[in-house]
Each structure stands twice: as C-alpha cells, then as structure tokens.
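Provided herewith is a single structure, encoded as structure tokens, for subsequent inquiry.
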Amino acid sequence: MTKPSKPLEAKGCGCGLTIVVVAIAYVLAKFFHVPGGVAFGIGVGVAVLGVVAYYVNEFKAQKILDHEYEQTKQLQPAAKEEDRDEVPCPYCGETILRVAKKCKHCQSMLEL
C-alpha cells in the first residue's frame with residue numbers, strides 16, 4: 001500500500017489568485033470609487049488571506065490523509081515475500097508476478 005497524496009484535481013496553478021486580485025480591484029475601483037492603487041492593495045491583501053487559508057486547509061487535509069493511511073496500514077497485515085507468486089521473466093530474468101502479461105522491466109509480452 002502506498003502513501004496517498006492529493007488528487008490531481010486539488011492542485012492548482014495560481015490562476016484563480018490572479019483573477020481574484022483583478023476582480024476585487026476592479027469592483028472596488030469601478031463601483032465604490034476607491035483609488036486604483038488602494039483597490040489593488042486591498043485585492044492583494046484579500047488574495048494573501050486566501051492563500052493562507054488554502055495552505056492551512058492543505059496542511060489539515062494532509063494530516064487527515066496521513067492519519068487514515070497509518071490506521072489502514074496498522075489494520076492490514078504486512079504482505080510477506082513468500083505470499084507473492086513470482087517467477088523470473090524468460091527474457092530479462094527479473095522477478096515478475098506469475099500472472100503478469102507483460103514484464104514491467106523489459107516490457108516483453110509474456111505467454112500465458
């Protein structure tokens with residue numbers, strides 16, 4: 001069992017942060033007549049708070065994932081080497097599972 005990480009969908013590129021800063025600055029300047037520099041500063045401040053909240057949430061989520069992984073690992077018995085049905089690959093000699101259809105080392109297709 002491998003340790004889980006965040007799903008790819010949960011990782012961002014930072015585009016949302018830029019959009020938030022621009023949107024807040026635009027709304028403040030256009031509708032509330034706040035000077036451009038001040039509006040931009042407020043937008044950056046709100047974005048920084050958003051980034052801090054994001055990383056706090058990430059930290060909590062990773063702690064939960066780590067905790068669940070440790071609990072699952074303790075409940076499952078460790079796999080023993082003799083439990084696996086392995087044979088050497090007829091082409092490269094590396095150890096592979098007997099039921100393998102393709103060698104993970106040399107990529108050779110195996111006959112069943």
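The values are calculated or read from the model by the stated rules, or taken from the named source; none is laboratory data. Predicted, not measured: the structure shown is a model, and the values here were computed from it. Here the Cβ is made from the backbone with ideal geometry for all residues, glycine too, and neighbour counts use every protein chain on show.
Output the residues belonging to region 52-75 that are at pLDDT below 85, within 22 Å of Gly16 (Cα to Cα) and of a type in the set (A, V, I, L, M).
Once the filter is applied, which keeps residues that are at pLDDT below 85, within 22 Å of Gly16 (Cα to Cα) and of a type in the set (A, V, I, L, M), region 52-75 yields only Ala61.
Which one of these does Ala100 not meet: (1) surrounded by 11 or more Cβ atoms within 10 Å (Cβ to Cβ); (2) in contact with a helix residue (DSSP H, G or I) (Cβ under 9 Å, 6 or more places away or on another chain)?
Every condition holds for Ala100 apart from (2).
Among the basic types (Lys, Arg) and not in a helix (DSSP H, G or I): does that describe Lys104?
In short, yes.
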